[in-house]
1. Take the residues in the stretch 220-235 that are over 21 Å from residue 284 (Cβ atoms) and in contact (Cβ under 8 Å) with a residue 24 or more places away in the chain; name whichever of them is farthest from ligand 2 (Cβ to nearest atom).
2. Mind counting the residues in the stretch 55-78 that are within 17 Å of residue 18 (Cβ to Cβ) and touching a residue at least 12 places away in the same chain (Cβ under 8 Å)?
3. Of these, 214, 155, which one is within 23 Å of residue 318 (Cβ to Cβ) and either more than 14 Å from ligand 2 (Cβ to nearest atom) or without any contact (Cβ under 8 Å) to a residue 12 or more places away in the chain (or both)?
4. Within the stretch 294-319, work out how many residues are exposed (fewer than 12 other Cβ atoms within 10 Å of the Cβ), out of contact with any helix residue (DSSP H, G or I) (no Cβ under 9 Å at 6 or more places or on another chain) and part of a helix (DSSP H, G or I).
5. Restricting the search to the stretch 103-115, which residues are surrounded by 12 or more Cβ atoms within 10 Å (Cβ to Cβ) and within 16 Å of ligand 2 (Cβ to nearest atom)?
6. Say whether the condition of being modelled with pLDDT of 95 or more and within 30 Å of residue 66 (Cβ to Cβ) is met by at least one residue in the stretch 223-241.
7. Can you tell me which residue in the stretch 2-28 is farthest from ligand 2 (Cβ to nearest atom), limited to those that are more than 20 Å from residue 184 (Cα to Cα) and surrounded by fewer than 21 Cβ atoms within 10 Å (Cβ to Cβ)?
Ligand code: ATP
Ligand code: MG
């Protein structure tokens, strides 16, 4: 059975981009793969997080995973910080990583742009992400388009380790959806939708109320034309909304275009809001049940226990191959 690893940062409220680009695929892959789905809290602190918010957001991400359909009996669901071997292997891989490689990461450039002070953690975290993946020798990593470059770095680091210390790591493949791998911001279709965007109007949070969703979609920017047509180059805003429609309704992009042929943006946006609400309302209901059940912490503990076994074995193998003295 192929091994799968992925994670989401508890750095804000999960968005529809996280759902379409990542979580939907987690749910599909769990049936016939050995899956580990983390809440990557060690990644989240690469930008400042208020402690109480970090706790709340971490539990919210875990509950949203389950509400979206991840079954903790099929997949390990846990907090990255509960399996400390990630940080340990992260350090070992950091020593194999060059400054130049990290400087080329577009996510680092985006997140550090215009900041007075940039944390070292933000710079080196792709090596920790490589450790997250390699510690389970994962074959597949379901992620959105923006993580492609980090995956390439992971493959380079795995290859470099194998070359220097002996064949050990599997080179992981990204698993990126054909449609929906990059959902764009509602207020600016040149930027991806992000949970850490300070403008809540730029994203639909998975826990937004139906009215908030309707309001945000009605205010989403569009071009001044009137055709509901998929053409990302000349109509990026409408194309993004068509993608969301398609991903939430199960219709193909062509079917969405056909349905709104000859119609204006207004009715299209109104229907889109209802399509999104119809996906998120039941998810939110399950989310509330999970939060109220009081079972979350024990699910996370069990997930971490199961994941730790393999992580510890890998760490020991890697240390031995690198020449560390065994205990
Ligand atoms: P942040 O702004 O804090 O980085 P984020 O929204 O980018 O938050 P991450 O935790 O960095 O979320 O990413 C979690 C997963 O969601 C990754 O697999 C990422 O590729 C995917 N993802 C993030 N944003 C989008 C998007 N706009 N469209 C599709 N997938 C996305
Ligand atoms: Mg991100």
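1. Applying the filter and picking the extreme gives 226.
2. In the first step, residues of the stretch 55-78 are kept if they are within 17 Å of residue 18 (Cβ to Cβ); the result is 56-70, 75, 77.
Those left that are additionally touching a residue at least 12 places away in the same chain (Cβ under 8 Å): 57-70, 75, 77.
The total comes to 16.
3. 155
4. 2
5. Within the stretch 103-115, 105, 107, 108, 110, 111, 112 meet the criteria.
6. Yes, some residue in the stretch 223-241 is modelled with pLDDT of 95 or more and within 30 Å of residue 66 (Cβ to Cβ).
7. Looking at the filtered set, the residue picked out is 2.
Each row is one residue, and each column tells you yes or no for (1) without any contact (Cβ under 8 Å) to a residue 40 or more places away in the chain; (2) away from ligand 2 (no atom under 16 Å from the Cβ); (3) over 21 Å from residue 196 (Cβ atoms); (4) not in a loop (DSSP other than H, G, I, E, B).
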| residue | (1), (2), (3), (4) |
| --- | --- |
| 117 | yes, yes, no, no |
| 122 | no, no, no, yes |
| 128 | no, no, no, yes |
| 131 | no, yes, yes, yes |
| 149 | no, no, no, yes |
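The values are calculated or read from the model by the stated rules, or taken from the named source; none is laboratory data. If you're wondering where the values come from, they're calculated on a predicted model, not measured in any experiment. With ideal geometry, Cβ positions are generated from the backbone for all residues, glycine too; neighbour counts draw on all protein chains shown.
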